[in-house]
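Peer 1: One structure, as C-alpha cells, below. Some questions next.
The values are calculated or read from the model by the stated rules, or taken from the named source; none is laboratory data. Being a predicted model, the structure only gives us computed values, none of them experimental. All Cβ positions, even for glycine, are placed from backbone atoms using ideal geometry, and neighbour counts span all protein chains on display. Areas reflect the complete protein model, heavy atoms only, side chains present, ligands, DNA and RNA absent. Shrake-Rupley method; radii C 1.70, N 1.55, O 1.52, S 1.80 Å.
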Amino acid sequence: MFVLLSIFMTLPVIFLAGSIAPNASAFAESASIVCGLGIFGIVATYRQPRDLKPRYMFVLTVSSWFILTLCSALPFYLSGNNISAPDAVFEATSGITTTGATVLSGLDTMDRDLLLWRSILQWIGGIGIIGMFVAVLPFLRVGGMRLFATESSEWTDKALPRMKTLSRGLLVVYIIFSIVAVLTYWVSGMTLFDAFNHGLTSIATGGFSTSDMSMGKFSDLILMEATLFMILGSLPFFLFVREMHGQHGVLFRDQQVRFLLTLLLLIPAVLTLYRWAVSPVPFDPLHNYASTLFNVTSVVTTTGYASEDYSAWGPLAFVLFFFLMFIGGCSGSTSGGMKVFRFQLSIIILREQLMRLLHPRAVLTRNYNGRAVSDEIISSMIAYSFIFLLSLLVITVALAAMQLDFITSLSGALSSLTNVGPGLGDIIGPSGNFGPLPDGAKWLLSVGMLMGRLEILSVIIVLSPAFWRS
C-alpha cells in the first residue's frame, strides 16, 4: 500500500510535465519516504506467514487508513506554501476519506500540483472505500454489506476467486465512470484541468474543487451533470458489476437505490417551492431547481460541493440540510453518512413493534431486499447508531470546549463523522472553510473523519482493552 501510494505521489508532477509543478521536490521527497517505508515493510515481513484472522484484519484496516493519511499529508507539509502540520493532516484526511472539508483558501491561484494531489487523494480514497465496504468489513462483521449477500463477504479459498473477479469489475466500473465524468465536464466548457479534477472528485463523492467558489463558477448544465455523477458515486458499485455481467435490472430493484432516488426527487422539489414562496426577488424556477437539486444531492451523497450558500435559503432549508447530513448514500458506494439501509431497517423495526402492540401473538417476518434480516444485523445497526450519536456528542462537546459556537461545533462534528464536507454557519458553512478553527479542533475532526469512514465500530474495537487481552 505504501509503494502504491508513492507511485500516486509522482502523478501530479508527471501529469503537469514538471514545468508547472512548483512543488516537484516536495512530491519527490514524499514519494521517496513512503516508498522506502513500503520496501522496508516488505523486506521485514517477507518470510512471515500471512494469516487473515479477524484480529489482524481489524488492526490492518484501521492502522492502514490512519498511517496512509499521515503519509498523504507529506506533500502538503513539505510544499512551499507554509501549510502547518495540523492543516496538512486535516487536508489529507479529508481527501482520502472523501470528506471534502478544506482548510485551504485561494484555490483559484494555488499551485496546480497540490490541487491535483487533493483530487487524486479523493479518487484513490473512493476506490479504497468501495473495496473496504465490499470485501473487508463484511469479513469483520462490520457495516451493512452483509445484508446484500455478496460473494466477497467470506475470505475463504472458495470465495477468493469470486472476490478477485468482483474487485476487477469494481475497478473497471470506477475507472469508466471517472473517464466519462472528465470528458463530459470538458465538453461542457470546463478547462481540461478543471474537468480532470472535478471528474475524479465527483465519482469519489469527495467534493474537492479547484476554486473557492466550488461549483458555483460553472453553468447550470455542469451542475446537472455533476448531480448525475454524484448520484452514480452514491449507488452500490457491486450492482453495477452485476449489471455488467448480465443481471439486468438489479440496480433499480434494490430497495436502498429506490429510496435514495425517491428522496432526491422529493426534497429538492419541496425546497424549490419553499424558496419560490419566500423569495423577495424575481424567481427563476429552472435555475433555482438546478441549484437546489445539486446542493441537496451534494449533501445527501456526502460529496461536499456547493454552488451557493444554501444555509442562507431560510430556516426550513437550514434545518433540512442539517438532517440531510445524517443520511448518506448506499452501502457499497463511495458515500459516507449513516447509509440509507439503516433508516430503512429502522422503519421496518418500528412497523414490527407497532404490529406486536396490536397483535402480541403474531408471527412476523423481517425482510429487506427479499432476504430475511437476522437479529444480529439489527443488533449491529442499533450498536452503530448508539456509538454514532455518542461520538457526535463527545466531539461536539470537545469542540465547544475550544470556544466554538454551537452551530459550528455540532455541524462540524456531524460533517466529520458523516464525511459530508462543509458544515453549517458562518465559519465552516458552504461559503467558508475549516481554516479558522484552532489546531486542536483540526486534529479532533481529522480523527472524526477517519472514524466515520471506518464505520466507527472498527476503531472502537481496536482501541478497546478487551481486544488486546483476548
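Peer 1: Looking at Ser385, Ser379, Ser391, Ser446, which one is in contact with a Lys or Arg (Cβ under 9 Å, 6 or more places away or on another chain) and in a helix (DSSP H, G or I)?
Peer 2: Ser385
Peer 1: Please go through (1) in contact with a helix residue (DSSP H, G or I) (Cβ under 8 Å, 6 or more places away or on another chain); (2) more than 28 Å from Phe467 (Cα to Cα); (3) of a type in the set (A, V, I, L, M) for Leu37 and return the number of the only condition it doesn't satisfy.
Peer 2: Failed condition: (2).
Peer 1: Another question, then. If you scan segment 175-208, which residues turn out to be small (Gly, Ala, Ser) and open to solvent by 10 Å² or more (accessible area, probe 1.4 Å)?
Peer 2: Ser188, Gly189
Peer 1: Looking at segment 301-310, can you tell me whether even one residue there is touching a His at 6+ places or on another chain (Cβ under 9 Å) and surrounded by 24 or more Cβ atoms within 10 Å (Cβ to Cβ)?
Peer 2: yes
Peer 1: Something else: Do we have Ile407 as more than 22 Å from Ala383 (Cβ to Cβ), of a type in the set (Val, Ile, Thr) and touching a Gly at 6+ places or on another chain (Cβ under 9 Å) here?
Peer 2: Here the answer is yes, as Ile407 does meet what is asked.
Peer 1: Does any residue of segment 413-429 turn out to be outside any loop (DSSP other than H, G, I, E, B) and either open to solvent by 10 Å² or more (accessible area, probe 1.4 Å) or on the phi > 0 side of the Ramachandran plot (or both)?
Peer 2: No, there is no match, as no residue in segment 413-429 is outside any loop (DSSP other than H, G, I, E, B) and either open to solvent by 10 Å² or more (accessible area, probe 1.4 Å) or on the phi > 0 side of the Ramachandran plot (or both).
Peer 1: Do you know which residues across segment 312-359 are open to solvent by 10 Å² or more (accessible area, probe 1.4 Å) and of a type in the set (Val, Ile, Thr)?
Peer 2: Of everything in segment 312-359, those that are open to solvent by 10 Å² or more (accessible area, probe 1.4 Å) and of a type in the set (Val, Ile, Thr) turn out to be Val319, Ile327, Ile347, Ile348, Ile349.
Peer 1: Moving on to the next point. Within segment 265-286, work out how many residues are open to solvent by less than 70 Å² (accessible area, probe 1.4 Å), more than 27 Å from the chain's Cα centre (by Cα) and touching a residue at least 12 places away in the same chain (Cβ under 8 Å).
Peer 2: 3
Peer 1: In the set Ala383, Ala400, which member is over 30 Å from Val241 (Cβ atoms), in contact with a helix residue (DSSP H, G or I) (Cβ under 8 Å, 6 or more places away or on another chain) and either without any contact (Cβ under 8 Å) to a residue 40 or more places away in the chain or open to solvent by 30 Å² or more (accessible area, probe 1.4 Å) (or both)?
Peer 2: Exactly one residue qualifies, and that residue is Ala400.
Peer 1: Considering only segment 271-302, state which residues are assigned to a helix (DSSP H, G or I) and hydroxyl-bearing (Ser, Thr, Tyr).
Peer 2: Thr272, Tyr274, Tyr289, Ser291, Thr292, Thr297, Ser298, listed by residue number.
Peer 1: Let me ask something additional. Can you run down the residue pairs with Cβ atoms below 6 Å, 6 or more apart or on separate chains, where the first is in segment 289-301 and in contact (Cβ under 8 Å) with a residue 60 or more places away in the chain and at negative phi and the partner is open to solvent by less than 10 Å² (accessible area, probe 1.4 Å) and of a type in the set (Val, Ile, Thr)?
Peer 2: Within 6 Å, the pairs are Leu293/Thr227; Phe294/Thr227; Thr297/Thr227; Thr301/Thr205.
Peer 1: Suppose we filter Pro12, Pro54, Pro22, Pro75 for residues that are open to solvent by less than 10 Å² (accessible area, probe 1.4 Å) and at pLDDT below 95; which single one remains?
Peer 2: Pro12 is the lone residue from the list that is open to solvent by less than 10 Å² (accessible area, probe 1.4 Å) and at pLDDT below 95.
Peer 1: Are any residues in segment 312-355 of a type outside the set (A, V, I, L, M, F, W, C) and in a helix (DSSP H, G or I), and if so, which ones?
Peer 2: Within segment 312-355, Pro315, Arg342, Gln344, Ser346, Arg351, Glu352, Gln353 meet the criteria.
Peer 1: Additional query: Being acidic (Asp, Glu) and open to solvent by less than 10 Å² (accessible area, probe 1.4 Å) is the filter here; which residues of segment 433-470 pass it?
Peer 2: The one that is acidic (Asp, Glu) and open to solvent by less than 10 Å² (accessible area, probe 1.4 Å): Glu455.
Peer 1: In segment 245-260, how many are open to solvent by less than 50 Å² (accessible area, probe 1.4 Å) and in contact with a helix residue (DSSP H, G or I) (Cβ under 9 Å, 6 or more places away or on another chain)?
Peer 2: The number of residues fulfilling the criteria is 7.
Peer 1: Free of Cβ contacts under 8 Å to residues at least 24 places away in the same chain, open to solvent by less than 60 Å² (accessible area, probe 1.4 Å) and either part of a helix (DSSP H, G or I) or closer than 23 Å to Phe208 by Cβ (or both): which single residue out of Gly36, Gly100, Gly95, Gly41 fits that description?
Peer 2: The unique qualifying residue is Gly36.
Peer 1: For segment 303-311, check the following and say yes or no: at least one residue is assigned to a loop (DSSP other than H, G, I, E, B), of a type in the set (Asp, Glu), touching a helix residue (DSSP H, G or I) at 6+ places or on another chain (Cβ under 7 Å) and more than 17 Å from Ser94 (Cα to Cα).
Peer 2: Yes: one or more hits.
Peer 1: Let me ask you something else. Across segment 230-253, which residue is modelled with the lowest pLDDT among those that are among the aromatic types (Phe, Trp, Tyr) and farther than 12 Å from Ile176 by Cβ?
Peer 2: Phe238
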